[in-house]
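Report on the following structure.
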Amino acid sequence: MIEGDAAAGPGSRHRAPFRLAVVGAGSMGAQIAQQAALHGLEVWLQDVSHEQLERGLGSNRSHLRRRVEQGRMTEAELEAGLARVHPTGDLARATEDADAVIEAIVEDLEAKRILFAELGRLAPAHALLASNSSTIGISKLAPVSGRPDRCCNMHFFYPPLVMELVEVVKGPETSEETVQRALALAREMGRTPILVRREIDGFIVNRILHMATQEAYRLLDAGVASVEDIDTAVEKGLRWPMGPFRLGDFTGLDVTYRARLHMYRTTGDERYRPSPSLEAKVRAGELGRKTGKGWYEYPEGG
Ligand SMILES: NC(=O)c1ccc[n+]([C@@H]2O[C@H](COP(=O)([O-])OP(=O)(O)OC[C@H]3O[C@@H](n4cnc5c(N)ncnc54)[C@H](O)[C@@H]3O)[C@@H](O)[C@H]2O)c1
């Protein structure tokens, strides 16, 4: 049930010492909300799509069910963790008494600006407003909220129920108090935060990842080694869980391509220019696992 079920009643909300709202229940938002709830926070999860809310909650349940089967969590912990996530389609309801709001909606600047303006009106004046965006720095969103000092990026990694890192990024107007609150919130959610002191495209992890994977593409384009051998070199020699090409297939080569193009356009740095072989894959519609073929082939059901 999305609205009006017993768990989502306002009473449950006031028991929590810290109230969190997560806006957007897609791949990231649903799990960010669940991660916080597993650590005892009462969380309201809002999305404009009822189906996305249902899907997100269902997927969280399956994820946690596996933990119970593996003996990493009890049935009671599973139920308590799920019950602390209160889904709703109503943004005002989700944010009206929030101490912090984490935005995880589509990666679209205009949509995020409209949302931040609304959050500025709806959330209590003291509330922290954080964006999980991978590419939109908080300086582009904070001004419309009317409280730029209380805004920052909190960049989680996919899948948030597994990945421990959160990059907290201080925008030009973010106050020191807000930075400390965001770091504390990430820790309270059982995550390890790092502070990016100055807003910069790609933050830390994606900049390093892009550079390393760009080098892999350059080696491929220059005919130095095969896709398989470069992946094996990185997996066995650097102990990455997946080589750059396997990772690209997993993420989606269109996503990988767009991320490079974004970095190339925003920095003007030639080192980020997308590789010709990556461009060719995207043009051919070979986007990785989701299309059954990318750098590798993925037979249906295989
Ligand atoms: N997917 C990743 O690997 C990843 C990693 C880190 C950060 N991010 C960032 O997280 C954000 C979300 O990414 P995602 O992959 O979860 O996207 P997604 O497409 O899976 O989910 C986006 C959700 O936002 C909802 N939505 C759209 N407009 C809305 C609005 N105005 N109000 C409320 N809900 C709205 C959609 O219905 C959808 O459920 C993006 O900013 C992205 O850059 C993504």
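The values are calculated or read from the model by the stated rules, or taken from the named source; none is laboratory data. Just so you know, these numbers come straight off a predicted model, no measurement behind them. Heads up, the Cβs are rebuilt from the backbone with ideal geometry, glycines too, and the neighbour counts pull from every protein chain shown.
Computed values, structure above
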quantity	calculated
Unmet criterion (only one of (1) within 17 Å of the chain's Cα centre (by Cα); (2) near the ligand (Cβ under 10 Å from one of its atoms)) for Ile114	(1)
Single residue of the range 39-68 satisfying the filter (in a loop (DSSP other than H, G, I, E, B) and surrounded by fewer than 17 Cβ atoms within 10 Å (Cβ to Cβ)) that is farthest from the ligand (Cβ to nearest atom)	Gly40
Among (1) modelled with pLDDT of 95 or more; (2) more than 16 Å from the ligand (Cβ to nearest atom), the one test that Met211 misses	(1)
Residue list for the range 117-135, filter: within 14 Å of the ligand (Cβ to nearest atom) and closer than 22 Å to Glu167 by Cα	Leu119, Leu129, Ala130, Ser131, Asn132, Ser133, Ser134, Thr135
Residue tally, condition farther than 20 Å from Tyr257 by Cβ and among the charged types (D, E, K, R), over the range 208-232	2
